[in-house]
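Working notes, structure below.
The values are calculated or read from the model by the stated rules, or taken from the named source; none is laboratory data. None of these values were measured; they are calculated from a predicted model. When we count neighbours, we look across all protein chains shown, and the Cβ atoms used for this are built from the backbone with ideal geometry, even at glycine. Surface accessibility is based on the protein's heavy atoms, side chains included, excluding ligands, DNA and RNA. Shrake-Rupley method; radii C 1.70, N 1.55, O 1.52, S 1.80 Å.
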Amino acid sequence: MAQKEAKTSEEVKPPAEPAMVIASTAAPAPSWFTPKRLLAIFCVINLLNYVDRGAIASNGVNGSLGTCTESGVCTSGTGIQGDFNLSNFEDGVLSSAFMVGLLLASPIFASLAKSVSPFRLIGVGLSVWTFATIGCGFSFNFWSITFCRMLVGVGEASFISLAAPFIDDNAPAAQKTAWLAIFYMCIPSGYALGYVYGGLVGSHSNWRYAFWGEAILMLPFAILGFIMKPLQLKGFFHPESTKALTAVETAVSEVQGSGNLNGRDGSFSIKEDLRNSTIQKSSKLKVGTKIMNQISRFMKDMKVLWVEKVYVVNVLGYIAYNFVIGAYSYWGPKAGYNIYHMNDADLIFGGITIVCGILGTLAGGFVLDYINSTISNAFKLLSAVTLLGGVFCFSAFCFKNMYAFLALFAVGELLVFATQGPVNYICLHCVKPSMRPLSMAISTVSIHLFGDVPSAPLVGVLQDSINNWRATALILTSIFIPAAGIWFIGIFLHSVDRFNEESENQITTTERSNTTPLLKGKKTETTESVAEP
């Protein structure tokens, strides 16, 4: 009898098959993507995003309306505004149209990051961006190009909410803000390059070629999002890793229950049982249930986000700040041309922005790392540089001499661009790791929806009303003061750095081992720990 039981036990026990199943379903480990290479790729993509913004704001691409003198001599318009005969208000709307797509798509992409590989989402988004910019080049009136600009926002939405968390994961502990600063340095430098790029293309050929050139440059990165090996994000699990954990749990339960099997039942393999179990579970899930679960999860996350006082104050200050920066970026060359008669306004503003943007953004990140990267210190730095920068920019527009204006405005921009690293550091570290994509998505949507989106057309309306670019610029620049005041309030709020807190998905030690950002060819601890028994 004892011999029969021993024989049955031997027949039921799977010698090595569970380990083989687990090993085959483990998440692939990237070998080529080091943290620095990942940072470089994201920087180039971000640069191209803002080259597009700068190009459409440049005089070469955006152009001007046709004019007629009192003697009856008329000149035809140039660029988009001239070809489509746009008013200043319509011109401002054109710069903000991307926000519609960004607003709708950002929360969707951020929520999908919990169940779909983030790099596949980025690949989808960049593909949409590429086709949308091609469409801008083929547009034939105001509404057609506005629709294409909306699609540009959809493409950008997949990238802006996921790139910063990846960078924050892989940056050295003592240089997190500096790495974020390097990434966000691409915003001013991209705008500046866009000014120059749009001006050169518009003056030497046709504004449509500027958009087609951008699409050609972005296409390889769109393809890369589909073919590269998925990387893991802190607080989330790669879909294949999730499958592996499901297989582990099912295999363990099957092995534990195998003592009740007789010899005939033992002829079915563990692998076949796992496959049948997976099919049965997946067949029970309905599309409607999945959608409702996604919506419920999104609403729950939004509630958590908006009751976080540190996050809300940070975003409110960022909105006021971006209201000014957005209008500067769009109307700056035209204002400079009209106030100081700059013949090469695109090149001058582009040159100032690229130098001051790079130096200021990098300086802000390195300074915060130097004084110790904490949320309280970030608020101190934000309020100080925004106030001083606003004073210098306001003083610059008070001078009638162009060279005095350029000197003071350059110092002002150097200071205000120092905010990029600290403000995004707060967004990433005041929430749990699983909330970071949504945090970045809602922050970006908010600063555009209430910041630079309304500022461009509103400044256009203000200028149409008072017809004085200097007064318009002074009124706009004064908004830096309330931005600094809002961030000053953040210094006194109770703040907790939640970067190392366990997210809602990080339940067990086994699962936590799967959150390594770049595995570099190492096997996950999940496979090793289950294979040992």
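Things worth noting here:
- Here the extension length gained between Ser76 and Val304 equals 76.6 nm, from 0.36 nm per residue of separation less the Cα-Cα distance.
- Surface/4 estimate of mean projected area, convex hull on alpha-carbon atoms of the stretch 151-228, nm²: 6.3 nm²
- Probe 1.4 Å, protein heavy atoms only - accessible area per residue of the stretch 300-500 in square angstrom: 38 Å²
- Kirkwood analysis of the Cα pair distances in the stretch 291-360 returns a hydrodynamic radius of 15.4 Å.
- Whole-percent carbon and sulfur share, accessible surface of the stretch 300-500, 1.4 Å: 70 percent
- Converting phi to 3J(HN,Hα) with the Karplus coefficients 6.51, -1.76 and 1.60 and the offset θ = phi - 60°, the stretch 480-489 yields 4, 5, x, 4, 5, x, 5, 5, 5, 4 Hz in sequence order, with x at every glycine or proline.
- Against the compact-protein benchmark of 2.2 N^0.38 Å, the Cα-based radius of gyration of the stretch 91-228 scales to 1.12.
- Stretch gain in nm, segment Lys400-Leu458, where the contour uses 0.36 nm per residue and the Cα spacing is subtracted: 18.4 nm
- Entries in Lys176/Lys309; Lys114/Lys303; Lys114/Lys380; Lys300/Lys432 that, when Cα-Cα distance is taken, lie over 25 Å: Lys114/Lys380
- Here, the stretch 425-470 yields an orientationally averaged convex hull projection of 4.1 nm² when only Cα atoms define the hull.
- For the stretch 300-500, size of Cβ-based charge dipole, Lys and Arg +1, Asp and Glu -1, in debye: 420 debye
- In the stretch 300-500, the convex hull through the Cα atoms has an average projected area of 11.1 nm², a quarter of its surface area.
- FRET efficiency, 1/(1 + (r/R0)^6) with R0 45 Å, evaluated for Thr67 and Ala40 via beta carbons: 0.50
- Surface share of carbon and sulfur [accessible, 1.4 angstrom probe, percent] for the stretch 58-133: 65 percent
- Farthest towards the positive end of the charge dipole of the stretch 63-195, among the residues Ile145, Gln175, Ser189, is the Cα of Gln175, using unit charges on the Cβ of Lys, Arg, Asp and Glu.
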